[in-house]
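Peer 1: Please read through the structure below; I'll follow up with questions.
Since every read-out is calculated from the coordinates, none of them should be taken as a lab result. The model shown is predicted, which means the values in this text are computed figures rather than measured ones. For neighbour counting, all protein chains shown are included, and Cβ atoms are generated from backbone atoms with ideal geometry for every residue, glycine included.
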Amino acid sequence: MEVMKVLHMNKGDGETSYANNSAVQGKIITTAKPVIEEAILGILCETFPESIGIADLGCSSGPNSLLVISEIIDIIHAKCRNLGRPSPEFRVSLNDLPGNDFNSIFESLPAFFKKQKQEKGIGFGRCYISGVAGSFYDRLFPDKSLHFVHSSSSLHWLSQVPPALESNATPAALNKGKIYISKSSPQCVLDAYSLQFQNNFLIFLKSRAAEMIAGGRMVLSLMGRRSIDPTTEESCYQWELLAQALMSLVTEFVSNLNKDNFGFR
């Protein structure tokens with residue numbers, strides 16, 4: 001089954017929902033604000049469009065979905081006010097996979113617009129927010145329609161299990177009992193995941209290159225590590241927790257032989 005058809009963050013606003021378990025992701029967005037501001041001001045130094053296209057890729061749902069959009073609007077509005085210029089029209093696209101909880105985002109828009117108008121008064125420019133369902137490892141927008149692209153805590157997700165690990169010619173359970181790159185993973189597993197990321201990221205960059213105007217900017221925040229070793233505890237601790245939970249569930253439904261064939265997507 002294709003990842004795009006089944007993968008999404010936990011919907012709603014319950015105890016186990018993504019909306020109530022995404023404080024770390026929100027902190028990452030807030031930490032990146034100076035970089036976002038520098039990028040936005042860089043655009044405005046080169047051109048001052050009457051209508052500005054903004055895309056947040058991997059928006060998910062919950063409070064973080066509109067957090068970065070609010071920050072971007074604040075930055076542009078403040079710059080316009082300082083220059084005595086009218087605020088531009090905002091064309092905002094929120095992107096995630098089709099199973100994302102877009103409804104909860106749309107339901108929060110009236111309160112979002114009300115807050116913006118209260119804070120900015122008549123100087124608040126027109127703002128159009130839409131949801132765009134699809135993989136960011138493909139084209140999503142018309143040519144040269146975006147001025148700024150943002151993505152946070154999303155690009156570490158791959159579009160699929162590396163084909164080399166799913167090939168019929170590959171010995172079963174190369175990454176036995178693991179859903180990530182661990183100390184027990186053979187080199188071919190590391191190479192397969194590395195190649196998959198390179199291919200995905202190249203497609204991502206080519207797609208955005210076609211969709212963005214000349215002089216546009218991107219701010220991408222994704223997971224990294226201090227060491228070149230991908231198997232350090234710093235790199236793997238969260239995947240180990242996820243692996244333990246998943247393998248526990250798998251054990252309940254399939255044989256021990258089959259459970260070793262699950263791969264992290």
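Peer 1: Using a simple charge model, +1 on the beta-carbon of Lys and Arg, -1 on the beta-carbon of Asp and Glu, nothing else, what dipole does the range 24-126 show about its Cα centre, in debye to the nearest 20?
Peer 2: Dipole of the range 24-126, to the nearest 20 debye: 400 debye.
Peer 1: Moving on to the next point. From the backbone phi of the range 150-162, what are the Karplus-calculated ³J(HN,Hα) couplings (6.51 cos²θ - 1.76 cosθ + 1.60, θ = phi - 60°) in whole Hz, Gly and Pro given as x?
Peer 2: Working through the residues one at a time gives 10, 8, 9, 6, 10, 6, 7, 6, 8, 6, 6, 5, x Hz.
Peer 1: Report the Stokes-Einstein translational diffusion coefficient (µm² s⁻¹, integer) for the range 83-148, Rh taken as the Kirkwood radius over Cα pairs, at 37 °C with viscosity 0.692 mPa s.
Peer 2: 237 µm²/s
Peer 1: If I model a spin label as a point 7 Å beyond the Cα along the Cα-Cβ vector, how far apart are those points for K144 and T251 in nm?
Peer 2: 5.9 nm
Peer 1: Another question, then. Taking Cα pairs under 8 Å and at least six residues apart, what relative contact order does the range 71-155 come out at, in percent?
Peer 2: Relative contact order of the range 71-155: 39 percent.
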